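To keep things clear, I will list the structure first and then write my remarks on it.
The values are calculated or read from the model by the stated rules, or taken from the named source; none is laboratory data. Keep in mind that what you see is a predicted model, and the values were worked out from it rather than measured. In this analysis, Cβ positions are derived from the backbone assuming ideal geometry, glycine residues included, and neighbour counts consider all displayed protein chains. All accessible areas refer to the heavy atoms of the entire protein, side chains included, with ligands and DNA or RNA removed. Shrake-Rupley method; radii C 1.70, N 1.55, O 1.52, S 1.80 Å.
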Amino acid sequence: MKKPKILFFTGAGISAESGIQTFRDSKDGLWENYKIEEVCTPEAWKKNPALVLDFYNQRRKNCKEAQPNLAHQLIAQLEKQYDVVVVTQNVDNLHERAGSSKVIHLHGELMKVRSTKDAKLIYDWENDVVIGDLCEQQSQLRPHIVWFGEGLDNDLMDYAIKEAVTCAVCVVVGSSMLVHPANSLPHYVPFASQMVVIDPMAHEMNLDEDRSIYYLSEKATVGMQMVYDSLSKLT
């Protein structure tokens, strides 16, 4: 018998409880003491690639030190009963480390780098990246991250949409739902499917006035425990 599909759409809030700083919680436009426009844009890369590499080297180190939290773990555990697909805006690998087997990273991955000459040349990479680290075509390696001002991978977005249109349940966890076009994904969920939003600010959200959405104004671990308890009783 085919398992019902649950789509989890996750954002920075789910990893915040693992100690990974979120952009929306940064003060004065600073993120780890950097201005976003200095390290997270194509213009920043052209101006000072060494600074950009250093910023992501720090974030990669932070990611390796962080551990999956209960929310990540519960999502992975639901694979025992459901066909679970995770579509995430996060660039960390905490979902994978928690045991999730199907994860779509819309905004890139910290533990990968790619060629500046050919974006399809992508490599697994866990150490620091420095000026002089080259791809097989002898061009500089850069973080495999979608920077502000860059478009999403159309193939990945199409893949995520195909998963959304066939899910029975969609659970949004820890996303402010402000980043376009990733925030359009829940709108592809069938109208008859159940939708749940978990976020401390969920009470201020209104994703779709025409459908029934259950809003849980909780942090990710608390909300996911509630959702897990309910879903585990259904099959």
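Here is a yes/no grid of residues against (1) among the hydrophobic types (A, V, I, L, M, F, W, C); (2) more than 16 Å from the chain's Cα centre (by Cα):
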site	(1), (2)
GLN21	no, no
ASN33	no, yes
ASN57	no, yes
CYS63	yes, no
ASP83	no, yes
VAL86	yes, no
SER100	no, no
LYS117	no, yes
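State yes or no: is PRO186 buried (at least 21 other Cβ atoms within 10 Å of the Cβ) and modelled with pLDDT under 95?
Answer is yes for this residue.
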Q. Does region 133-145 include one or more residues that are touching an Asp or Glu at 6+ places or on another chain (Cβ under 8 Å), part of a loop (DSSP other than H, G, I, E, B) and open to solvent by less than 20 Å² (accessible area, probe 1.4 Å)?
A. yes
(Q) Could you list, ordered by first residue, the pairs with Cβ atoms under 9 Å in which the first is in region 182-211 and more than 15 Å from LEU7 (Cβ to Cβ) and touching a residue at least 60 places away in the same chain (Cβ under 8 Å) and the second is among the aliphatic types (A, V, I, L, M) and part of a loop (DSSP other than H, G, I, E, B), at least 6 apart or interchain? (A) ASP199/MET177; ASP199/MET205
Q: Find all pairs meeting these conditions: Cβ atoms under 7 angstrom apart; at least six residues apart or on different chains; first residue within region 9-21 and in contact (Cβ under 8 Å) with a residue 40 or more places away in the chain and closer than 18 Å to GLY108 by Cβ; second residue hydroxyl-bearing (Ser, Thr, Tyr) and part of a loop (DSSP other than H, G, I, E, B).
A: PHE9/SER175; THR10/SER175; GLY11/SER175; GLY11/SER176; ALA12/THR22
Q. When you scan region 163-178, how many residues do you find that are crowded, with 21+ Cβ neighbours inside 10 Å, among the small types (Gly, Ala, Ser) and more than 12 Å from PRO200 (Cα to Cα)?
A. 1
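How many residues are closer than 18 Å to VAL52 by Cα and either in contact with a helix residue (DSSP H, G or I) (Cβ under 6 Å, 6 or more places away or on another chain) or touching a residue at least 12 places away in the same chain (Cβ under 8 Å) (or both) if we restrict to region 128-138?
Total meeting the criteria: 6.
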Q) Consider TYR215 against the criteria (1) open to solvent by less than 60 Å² (accessible area, probe 1.4 Å); (2) farther than 26 Å from GLY151 by Cα: it satisfies all of them except one. Which criterion is unmet? A) (1)
Q: Please go through region 189-212 and pick out each residue that is surrounded by fewer than 18 Cβ atoms within 10 Å (Cβ to Cβ) and over 26 Å from PRO68 (Cβ atoms).
A: PRO190, PHE191, ALA192, HIS203, GLU204, ASN206, LEU207, ASP208, GLU209, ASP210, ARG211, SER212
Q: Output the qualifying pairs, or none if there are none: Cβ atoms under 8 angstrom, residues six or more apart or on different chains, first residue in region 94-115 and free of Cβ contacts under 8 Å to residues at least 40 places away in the same chain and within 18 Å of GLY11 (Cβ to Cβ), second residue open to solvent by 10 Å² or more (accessible area, probe 1.4 Å) and among the polar types (S, T, N, Q).
A: ARG97/GLN67; ALA98/GLN73; GLU109/ASN93
